[in-house]
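K.L.:
Take this structure, written in structure tokens, and hold onto it; I'll ask about it next.
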Amino acid sequence: MPYPFSEIEQKWQEYWRSHETFRVHLDPEKPKYYVMDMFAYPSGAGLHMGHVHYAAADIVMRMKRMQGLNVLHPTGWDAFGLPAEQYAVKNKLHPRITTEQNIAAFRRQLDSLGLAFDWSREVDTTDPNYFKWTQWIFLKFFNSYYDINENHAKPIEALISHIESHGSDNLPAAPGKKQRHYSASEWKNASNKERADFLANYRLAYIADAPVNWCPELGTVLANEEVAEQEEKGFTVVRRNMRQWMLRITAYADRLLRDLDTLEWPESTLEMQRNWIGRSEGAEIEFNIAHSNETIRVFTTRPDTLFGATYMVLAPEHPVVSTITSNEHRNFVNQYLESVRRKSDLERTELSKDKTGVFTGAFAINPATNKQIPIWIADYVLMSYGTGAIMAVPGHDERDFEFAEAFGLEIKRVVQAPGVSADEPLIKAFSDEGIAVNSGFISDMPTLPAKERMIEWLAEQHKGTRAIKYKLRDWLFSRQRYWGEPFPIIYVNDGDGEYPKALSETMLPVLLPEVESYEPSGTGESPLATISRWVNTKDPETGIPARRETNTMPQWAGSSWYYLRYLDPTNDRELVSKVAEHYWMPVDLYIGGSEHAVTHLLYSRFWHKFLFDLGIVSTPEPFTRMVHQGIILGETGGKMSKSLGNVVNPDEFLSKYGADSLRTYYMFLGSFDAMKPWDSKGIIGVHRFLNRIWRMAVNEDSITDLSRITSDYPSEALDRELHRTIKKVGEDIEKLRLNTAVSAMMILLNAMEEADTVPQVAYEALIKLLSPFAPHIAEELWQRLGNDGTIFNALWPSYEEAKTVDDSITLILQVNGKLRDKLEVPRGLSKEDLDRFARTSPNVMKHIDGKEIKKVIIVPDKLVNIVA
């Protein structure tokens, strides 16, 4: 009869709940450890087998607690966003109702796994007591600017005070903006609208026209990572310009890049963030447009190739396209713009696709040659990178070369490869460094000096400047959805024009209105825009009629800072107390999916650095160590998903084998961070393993039987195996090598079963090692052995290093580097003894007989190499 897992698991889950076993309090006398998973999105489908990875953090948490650390292990719910709204629309229920139902189901399933969460710290991003502080952080962004001289954020009042006293002439120009400047007196007489427009160039939260992924059927903007999923569902996604809230993450680009070197994260994730931030050094060059007052600025990392720029390409969304396009070409341009609207950025930049574009009829002046070059628009140039315009040098850029060949444009060599004639026709682009040719005053210069000289010349001629650019774009921070955090912003018109104004912090939280319909409006506006009783309000400060912001925040808002709220979840006076933040931060171990490498993880780092600038947090980074769980593949292949029909529900295995077997088997499947297939049959072996441990102390009738458990000291062989296992399991849990930790316990169990009796000291140690993986059966056996309380409060077993190594070693014997023999010898012999042992080997003696020994290389406990 197998052990009664159902009865045992229910018993101990009720015990942990009633005794609040996992509740943790700040204790300055104890060292802390903060471990957390990325919190769950509570979908209607409930947990699938991939979610069992939560047990990994649980295993670490339980071991650290038994090692004497004060361990924080919280959880919560990322419950705003598009999936919840779609699910609610489909089921014709309010998203608040469906969210509450989904959370209840998830909580039940997580509890059934025996996860040691401190539920007193549970957070829910849709709870007004939570999103009040999300709105509060947004207000801080809106009321702050980034001082590039001091390299940190400051209150916008400091900027206003400076303008009031000194005017704005000596302020650094806002990124990419042409703006008027104010004297102190002009500022004093400016309207609120004029001041708001000027300050928007500096605020860390601002409104801008931005190209977005618009889904007409869903009636909302989609994040780039949401596009593919919605297109798979048959929805249309087009590019269009819309007025959106933006967060100026680009102000933090350099710090976000630099501080990656301080993190213990997977190298692949670090590299993804480096590439996403995309730092490039080069020059910004200004091109005049022929017969126009307009100018176009381009950024290039190869200013030395300016003499080879034979045409210019603008992103279709570039703001000057409509003004420079000639009447003769306007119809062609408009048709092209319409075709581009239906392409994603990924489709547009795919290197293997055919190049498309259209001539605008306008020409730019190459500042180096003073020649007119045609201006085209093409979809392979994105408004989201650089300046949205490029100087095309087809001789030295592969995409430009393909485009020039497709449309018959001039290709000119201006960089010569070693051993190639300057006049030899180009059959493909040469993008490496070389010697400048056909390039006026920089001809015959190597690439690096040529770059420097060209940048100097551009500055001298007032035609360009040295520049550092980032691929990173400001964060598009608004959605046209009902189910999201409302912005704490109103729009006021005092007679000189409408402008955004922040509500007072005392008015938070701004709540969503209760509505009957929350479906997309179909107009491009949020469903909130149709609720006039909510939209129309008054400015609390002046009494002037105003309207509320009707967009809502993206799902990323609440998840960018939730790890801080866990520290102080009921504080209604501040985001987090300084005492709690100083004690618990940073997060010591964060576990989550690699798919969030350049979304959630980058956004959280950005918010954290901003809060660091404000003095709200004390660490420059939120997560010290990051580990990604591997993907669990369905039994029919592919990542588990409902669409593939290969989702495995953990409830089935919980009812058949219990949580302990499921948790332990999941970790035994393979390396935690590797992709691995689910095999439903494999759990049987782990279930038997737990039964074997159970049978050592419990008979067939589930009655405690300690007849085999003795007070004897373990034999020398078993003692050594025990100490080796204690060391290995502890180290493996630390490094999340959880599959080999389970293997080590299986080996120890085999050794114990081979003995006639089982020493209690060894059995109890095995149960302690097992307890993080299989906590219910460990608790039960711990109690049946006569121990009081929970094993969770027991001390983790210790080991003696000397007992983790064998008394003998295999000594490798070489002559002139070639293997000649192997000997089993005592560990720790001196070099003299090792030399003597080597010379007793007949095979060694045969190869050195009659030869002069030149030297003997000895590596203690490993090898002896005689050079003759």
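K.L.:
Just checking, does the range 542-550 include any residue being closer than 17 Å to residue 130 by Cα, in contact with a Pro (Cβ under 9 Å, 6 or more places away or on another chain) and buried (at least 19 other Cβ atoms within 10 Å of the Cβ)?
P.N.:
The answer is no; no qualifying residue exists.
K.L.:
Could you please give the count of residues in the range 753-765 that are closer than 13 Å to residue 785 by Cα and part of a helix (DSSP H, G or I)?
P.N.:
6
K.L.:
Does any residue in the range 741-767 that is acidic (Asp, Glu) come within less than 8 Å, Cβ to Cβ, of a residue that is not in a loop (DSSP other than H, G, I, E, B) six or more places away or on a different chain, and which pairs are these?
P.N.:
Cβ pairs passing all conditions: 753/692; 764/782.
K.L.:
Search the range 398-420 for residues being open to solvent by 60 Å² or more (accessible area, probe 1.4 Å) and free of Cβ contacts under 8 Å to residues at least 24 places away in the same chain, and hand back the single one that is nearest to the chain's Cα centre (by Cα).
P.N.:
That would be 405.
K.L.:
May I ask you to list pairs of residues, at least six apart or on different chains, whose Cβ atoms are under 9 Å apart, with the first in the range 225-249 being on the phi > 0 side of the Ramachandran plot and the second being open to solvent by 20 Å² or more (accessible area, probe 1.4 Å)?
P.N.:
234/217
K.L.:
Quick check on residue 140: is it touching a strand residue (DSSP E or B) at 6+ places or on another chain (Cβ under 6 Å) and open to solvent by 40 Å² or more (accessible area, probe 1.4 Å)?
P.N.:
In short, no.
K.L.:
Just need a number here: residues in the range 292-316 that are open to solvent by 40 Å² or more (accessible area, probe 1.4 Å) and touching a residue at least 40 places away in the same chain (Cβ under 8 Å).
P.N.:
3
K.L.:
Can you find a residue that is modelled with pLDDT of 95 or more, in a loop (DSSP other than H, G, I, E, B), over 26 Å from residue 200 (Cβ atoms) and under 30 Å from the mean Cα position of the chain (by Cα) anywhere in the range 536-549?
P.N.:
Taking every residue of the range 536-549 in turn, none turns out to be modelled with pLDDT of 95 or more, in a loop (DSSP other than H, G, I, E, B), over 26 Å from residue 200 (Cβ atoms) and under 30 Å from the mean Cα position of the chain (by Cα).
K.L.:
Can I ask one more? As an exercise: evaluate residue 62 against (1) basic (Lys, Arg); (2) surrounded by 17 or more Cβ atoms within 10 Å (Cβ to Cβ); (3) touching a strand residue (DSSP E or B) at 6+ places or on another chain (Cβ under 7 Å) and give the number of the one condition it does not meet.
P.N.:
(3)
K.L.:
Does at least one position in the range 516-531 carry a residue that is of a type outside the set (Gly, Ala, Ser), modelled with pLDDT under 95, surrounded by fewer than 22 Cβ atoms within 10 Å (Cβ to Cβ) and not in a loop (DSSP other than H, G, I, E, B)?
P.N.:
The answer is yes; a qualifying residue exists.
K.L.:
Moving on. Being of a type in the set (Phe, Trp, Tyr) and in a helix (DSSP H, G or I) is the filter here; which residues of the range 651-693 pass it?
P.N.:
Listed by number, the residues that qualify are 653, 657, 665, 666, 668, 689.
K.L.:
Okay, moving on. Can you find, within the range 229-248, the residue that is surrounded by the fewest Cβ atoms within 10 Å (Cβ to Cβ) among those that are touching a helix residue (DSSP H, G or I) at 6+ places or on another chain (Cβ under 8 Å) and more than 25 Å from residue 143 (Cβ to Cβ)?
P.N.:
Step by step, filter the range 229-248, then rank; the result is 239.
K.L.:
Considering only helices (runs of 4 or more DSSP H) fully contained in the range 772-865, which possess at least 2 residues that are on the phi < 0 side of the Ramachandran plot and loosely packed, with under 15 Cβ neighbours inside 10 Å?
P.N.:
Those helices (runs of 4 or more DSSP H) span 831-839, 842-848.
K.L.:
Would you pick out the residues in the range 385-394 that are over 17 Å from residue 294 (Cβ atoms) and part of a loop (DSSP other than H, G, I, E, B)?
P.N.:
Once the filter is applied, which keeps residues that are over 17 Å from residue 294 (Cβ atoms) and part of a loop (DSSP other than H, G, I, E, B), the range 385-394 yields 385, 386, 393.
K.L.:
Identify all residues within the range 712-738 that are open to solvent by less than 30 Å² (accessible area, probe 1.4 Å) and either part of a helix (DSSP H, G or I) or at pLDDT below 90 (or both); write none if there are none.
P.N.:
718, 719, 722, 723, 725, 726, 729, 730, 732, 733, 738
K.L.:
Tell me which helices (runs of 4 or more DSSP H) are completely within the range 558-631 and hold 1 or more residues being among the β-branched types (Val, Ile, Thr), or say none if there are none.
P.N.:
578-584
K.L.:
Right, another one. So which residues in the range 301-321 are acidic (Asp, Glu) and either touching a helix residue (DSSP H, G or I) at 6+ places or on another chain (Cβ under 7 Å) or modelled with pLDDT of 95 or more (or both)?
P.N.:
Within the range 301-321, 304 is the sole residue that qualifies.
K.L.:
If only one of 44, 68 is at positive phi and either in a loop (DSSP other than H, G, I, E, B) or touching a Pro at 6+ places or on another chain (Cβ under 8 Å) (or both), which one is it?
P.N.:
It is 68.
K.L.:
Here's another thing I want to ask about it. Just the residues that are surrounded by fewer than 16 Cβ atoms within 10 Å (Cβ to Cβ) and closer than 30 Å to residue 320 by Cα, please, taken from the range 249-277.
P.N.:
254, 275
K.L.:
Pull out all pairs, ordered by first then second residue, where Cβ-Cβ is under 8 Å, the residues are six or more apart or on different chains, the first lies in the range 24-53 and is farther than 16 Å from residue 103 by Cβ and modelled with pLDDT of 90 or more, and the second is surrounded by fewer than 16 Cβ atoms within 10 Å (Cβ to Cβ) and of a type in the set (Val, Ile, Thr).
P.N.:
26/579
K.L.:
Continuing with the same structure: List the residue pairs whose Cβ atoms are under 8 Å apart, where the first residue sits in the range 265-277 and is in contact (Cβ under 8 Å) with a residue 24 or more places away in the chain, the second is among the small types (Gly, Ala, Ser) and open to solvent by 10 Å² or more (accessible area, probe 1.4 Å), and the two are 6 or more positions apart or on different chains.
P.N.:
Short answer, once both residue conditions are applied: 266/594; 268/594; 269/594.
K.L.:
On to the next question. Among 60, 52, which is the only one that is out of contact with any Pro (no Cβ under 7 Å at 6 or more places or on another chain) and β-branched (Val, Ile, Thr)?
P.N.:
60
K.L.:
Look at residue 451 and say whether it is in a strand (DSSP E or B), open to solvent by less than 50 Å² (accessible area, probe 1.4 Å) and either closer than 30 Å to residue 359 by Cα or among the basic types (Lys, Arg) (or both).
P.N.:
No.
K.L.:
Follow-up question, since we're still on this one. Output yes when any residue across the range 454-475 is touching a residue at least 12 places away in the same chain (Cβ under 8 Å), hydrophobic (A, V, I, L, M, F, W, C) and under 30 Å from residue 537 (Cα atoms), and no when none is.
P.N.:
yes
K.L.:
Now a separate question. Just to be sure I understand the filter: pairs with C-beta atoms under 8 Å, separated by 6 or more residues or on different chains, first member in the range 694-711 and part of a loop (DSSP other than H, G, I, E, B), second member aromatic (Phe, Trp, Tyr). Which pairs pass?
P.N.:
696/763; 697/763; 702/3
K.L.:
May I pose another question? Could you list, in sequence order, all residues of the range 81-100 that are within 28 Å of the chain's Cα centre (by Cα), open to solvent by 30 Å² or more (accessible area, probe 1.4 Å) and farther than 13 Å from residue 485 by Cα?
P.N.:
83, 86, 87, 100
K.L.:
Any idea which of (1) under 30 Å from residue 76 (Cα atoms); (2) in contact (Cβ under 8 Å) with a residue 60 or more places away in the chain is the one residue 197 doesn't satisfy?
P.N.:
For residue 197, the failing item is (1).
K.L.:
Quickly run through the range 431-442 and pick out the residues that are open to solvent by less than 40 Å² (accessible area, probe 1.4 Å) and assigned to a loop (DSSP other than H, G, I, E, B).
P.N.:
Matches in the range 431-442: 434, 437, 439.
K.L.:
Residue 286 - would you say it is out of contact with any Gly (no Cβ under 9 Å at 6 or more places or on another chain), at pLDDT 95 or above and not aliphatic (A, V, I, L, M)?
P.N.:
No; evaluated as a whole, the condition is false for this residue.
The values are calculated or read from the model by the stated rules, or taken from the named source; none is laboratory data. Note that the structure is predicted; figures quoted are calculated from it, not measured. All Cβ positions, even for glycine, are placed from backbone atoms using ideal geometry, and neighbour counts span all protein chains on display. We work out accessible area using only protein heavy atoms, side chains counted, and drop any ligands, DNA or RNA first. Shrake-Rupley method; radii C 1.70, N 1.55, O 1.52, S 1.80 Å.
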